[in-house]
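J.: To start, I am sharing the structure in question, which I have written as structure tokens.
None of the figures in this text is laboratory data; all of them are computed from the coordinates on show. Since we're looking at a predicted model, the values are computed, not measured. Here the Cβ positions follow ideal geometry from the backbone for every residue, glycine too, while neighbour counts run over all protein chains shown.
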Amino acid sequence: MSQELIETTDEGVVTLAINRPEDKNMLSDNLLEELLKKVYALDNDNAVRVVVLTGTGNEFFCGGIFNPKMMSQLTHHQIRTRRQRANELFDRLESLTHPVIAAINGRAQAGGFEMAMACDMRVAAAHATFALPETSWGMFPGAGGPLRLPFLVGMGMAMDIIMTGRDVSAEEARRIGLVERAAGPNEFASAVQGLSRAIARTGLLGNRAVKKLVRATLRMDLKTARSYSDALRDTIAGTADSAEGIAAYCANRPPRFQGK
């Protein structure tokens, strides 16, 4: 693994840190490829319970995949290819079997903001900001922003954020449901750790089913979603983890989930 991506593992929590602070933690072609390979590799690793995606430093979570100056130096084919790879990565984060937390340590801009949206949960440092400035560049966000943001904050607020290109503070992000938690400078790391470890302690199969169910049914009608939920529930109810959870509750002891 290159120095542009730092991986650490602790008690089933895998943290992937984008390490390009000199370039606003932007996603280069090489970094996109490296992240894609890593996400694919993590997908069916039962030792992994949670994935945390963050950036190094405290200025930028991720500055995106382009800015206007960069685009002026690239061909349309190069721009399209990088955007397609970014979309593949973001879609893969969304469909990863493990829950993914975006630990937003600084500014999330353009594609960096869109990457955070593709994660399952978001924790923001109090000084973090969010922006989709593409309309001020004469374009619009092309890596999922207009598709995912309405599901997080509603149609009107999504249009407000996208069409104005304005900055959204961490406090506003928490208020409108864009992030689940916003933490002060001395509390950010512990907030991320607390959430990730709390999830890691619960049942692997149950969490996988919850993510699959929530993601799959967002756009389903209620009847179809209910049938899908019932089928998943019946599958999980027959597992060893389900029996262990019930036995542990009855014995008043912590469960020992095995992912089986």
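J.: If R0 is 51 Å, what FRET efficiency do you get for Met71 and Cys250 from their C-beta distance, rounded to 0.05?
T.: So, using R0 = 51 Å, E works out to roughly 0.25.
J.: Based only on other Cβ atoms within 10 Å, what is the fewest-to-most ordering of Phe140, Phe188?
T.: Lowest to highest Cβ neighbour count: Phe140, Phe188.
J.: Quick query: amide H of Ile65 versus all other amide H atoms, modeled in the peptide plane; which residues come in under 5 Å with a sequence gap of 5 or more or a different chain?
T.: For Ile65, the qualifying residues are Leu27, Gly111, Gly112.
J.: Suppose a student asked you for the relative contact order of the stretch 1-54, using Cα pairs under 8 Å spaced at least 6 residues apart; what percent would you report?
T.: 45 percent
J.: A further question on this structure: Run through the DSSP bridge list for the chain and note the antiparallel percent, rounded to the nearest 5.
T.: Beta bridges within the chain, antiparallel portion: roughly 30 percent.
J.: Of Lys38/Lys260; Lys38/Lys223; Lys212/Lys260, which ones are farther than 26 Å apart at the Cα?
T.: Violating the 26 Å Cα-Cα cut-off are Lys38/Lys223.
J.: Follow-up question, since we're still on this one. Pairs to check: Lys37/Lys69; Lys37/Lys211; Lys24/Lys69. Give those whose C-alpha atoms are more than 26 Å from each other in this structure. Kindly include the intermediate steps, with their values, before the conclusion.
T.: Details: Lys37/Lys69 28 Å; Lys37/Lys211 21 Å; Lys24/Lys69 14 Å.
Lys37/Lys69, as the Cα separations exceed 26 Å there.
J.: How large is Rg/Rh for the stretch 204-250, to two decimals, with Cα atoms and a Kirkwood Rh?
T.: For the stretch 204-250, the value is 1.06.
J.: If I take every Cα pair under 8 Å that is 6 or more residues apart in the stretch 5-200, average their sequence separation and divide by the length, what percent do I get for the relative contact order?
T.: After rounding, I find 20 percent.
J.: Once amide H atoms are built 1.01 Å from N in the peptide plane, which residues 5 or more positions from Ile104, or in another chain, come under 5 Å H to H?
T.: Val123, Ala124, Ala125
J.: Ratio of Rg to Rh for the stretch 78-235, alpha carbon only, Kirkwood?
T.: We get a ratio of 0.99 for the stretch 78-235.
J.: Starting with the fewest neighbours, write out Asp234, Asp120, Asp160 ranked by other beta-carbon atoms found within 10 Å of each beta-carbon.
T.: Working: Asp234 9, Asp120 21, Asp160 14.
Going from sparsest to densest Cβ surroundings: Asp234, Asp160, Asp120.
J.: Can you compute the helix-only [θ] at 222 nm over the chain? Use -39500 (n - 2.57) per DSSP H run of at least 4 residues, normalise by all residues, nearest 500 deg cm²/dmol.
T.: -15000 deg cm²/dmol
J.: Separate question: Taking the number of other C-beta atoms within 10 Å as the exposure measure, put Leu42, Leu152, Leu96 in order starting with the fewest.
T.: By the 10 Å Cβ count, ascending: Leu152, Leu42, Leu96.
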